[in-house]
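The structure under discussion appears below in the form of structure tokens.
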Amino acid sequence: MPDKTSIHPQIDETNVPRHIAIIMDGNGRWAKQKGMPRVLGHRSGVKSVREVTQAAAELGVRYLTLYAFSTENWNRPPAEVIALMNLLVDTIKGEIAELNKNGVRLLAIGDIEALPKHTFQALKEGMELTKNNTSINLVLALNYSAKWEILHAARVLAQKAIDGLLQPDEIDEAAFESALTTHGIPDPELLIRTSGETRISNFLLWQIAYAELYFTPVFWPDFGKQELIKAIQNFQNRERRFGKTSEQL
Ligand code: IPE
Ligand code: IPE
Ligand code: MG
């Protein structure tokens, strides 16, 4: 568990987002800028994953969701897709002992059963090994798209209705959420996207209904603890009104 004295002096520890979601973007451009192949950008991005996970745990974040591979990313050149899948396996296998030692619980969202077998297997083993850990929940979004997730939930609920287990008017927010791959995970309060792009790219559409959005030009391989602290400070300077007026808060 993070020690209170390690919490950054500029962070208000009573207002740290419980859940931060990150669209890790810009690996390719980071590499290109340095005259290197894109895959080296992805490899450098792993360093950021390590640093940001550690920092988030220290700062008291309970859930960190990282968008690692979207459903749309299958449309990249086959060699890049293969490199990404291999990197994922190597990363999970290489990092899992350290993650486990640090009390990190690995989770995944998305259509993970449709991943290549070795990727799915490494993921499953990592989740199994770390399932009782409590320091931080590291949620990897893999073969994830929000529209896929919402359609999947609609199908699950429709089947339940057909089976007589659910009446249509019983489908409220809680019932719908129970059919999402994020069930049991609180909605993110803060969504970060690196690399200067200001779009959501089919990520967590349901769950970010009231999230604060933070966009930074920094490419993912250059995003580390200091950048995370900046994002949290920015979040802490916002007024979250949830439909009310400022005076009502
Ligand atoms: C993010 O970096 C990693 C993945 C989407 C897997 P990109 O590969 O999208 O990098 P850019 O956007 O081309 O710079
Ligand atoms: C979003 O990044 C997906 C991940 C970070 C895994 P992309 O780089 O694929 O997004 P678009 O296609 O530019 O919107
Ligand atoms: Mg990109």
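The values are calculated or read from the model by the stated rules, or taken from the named source; none is laboratory data. Note that the structure is predicted; figures quoted are calculated from it, not measured. When we count neighbours, we look across all protein chains shown, and the Cβ atoms used for this are built from the backbone with ideal geometry, even at glycine. For the accessible areas, the whole protein counts, side chains as well, though only heavy atoms, and no ligand, DNA or RNA atoms are used. Shrake-Rupley method; radii C 1.70, N 1.55, O 1.52, S 1.80 Å.
Its alpha carbons considered, segment 186-247 gives a radius of gyration followed by a Dmax of 12.8, 41 Å. Could you give the longest part of the chain that holds none of the trypsin sites (Lys or Arg not before Pro) found in DSSP loops with at most 15 neighbouring Cβ atoms within 10 Å? Counting at most 15 other Cβ atoms within 10 Å as exposed, the longest clean stretch of the chain is 35-130. Rg and Dmax of segment 52-187, based on Cα coordinates, read 16.6, 48 Å.
Secondary-structure-derived ellipticity at 222 nm for the chain, considering helices only, amounts to -13000 deg cm²/dmol, per-run term -39500 (n - 2.57) for DSSP H runs with n ≥ 4.
Between the exposed loop cleavage positions of the chain, defined as chymotrypsin sites (Phe, Trp or Tyr not before Pro) in a non-H, G, I, E, B DSSP state with at most 16 neighbouring beta-carbon atoms within 10 angstrom, the longest gap is 1-205. Extension gain, K160-E13: 0.36 nm per intervening residue step, less the Cα-Cα distance, totals 48.7 nm. So if I take the centroid of the Cα atoms in segment 1-67 and the same for segment 145-195, what is the distance between those two points in Å? For segment 1-67 versus segment 145-195, the Cα centre distance is 27 Å.
Can you quote the Å³ per residue value for the convex hull of the Cα atoms in segment 1-117, rounded to an integer?
Each residue corresponds to 128 Å³ of Cα convex hull volume.
Accessible surface of the chain, 1.4 Å probe: 52 percent of it comes from carbon and sulfur atoms. For the chain, set up a Gaussian network in which alpha carbons nearer than 10 Å are linked by springs, and say which option among Q33, Q121, Q207 fluctuates the most. Comparing Q33, Q121, Q207 in the GNM, the peak value goes to Q33. For the options G94, G110, G35, a Gaussian network treatment of the chain with springs between C-alpha atoms closer than 10 Å singles out G35 as fluctuating the most. In the distance distribution for segment 54-105, Cα-Cα pairs more than 14 Å apart total 65 percent. Percent of Cα-Cα pairs more than 23 Å apart in the chain, please. The calculated P(r) of the chain puts 53 percent of pairs beyond 23 Å. If you model segment 37-79 as an ellipsoid using its alpha carbon gyration tensor, with each semi-axis the square root of five times an eigenvalue, the axes come out at 26, 14, 4 Å, biggest first. Structure remark: mean-square fluctuation, Gaussian network model of the chain, C-alpha springs under 10 Å; the largest value among P217, P168, P186 belongs to P168.
Each Lys and Arg contributes +1 and each Asp and Glu -1, all at the Cβ; summed about the Cα centre of segment 99-248, the dipole is approximately 500 debye. Computed as a quarter of the hull surface, the mean projected area of the alpha carbon convex hull for segment 109-227 stands at 9.6 nm².
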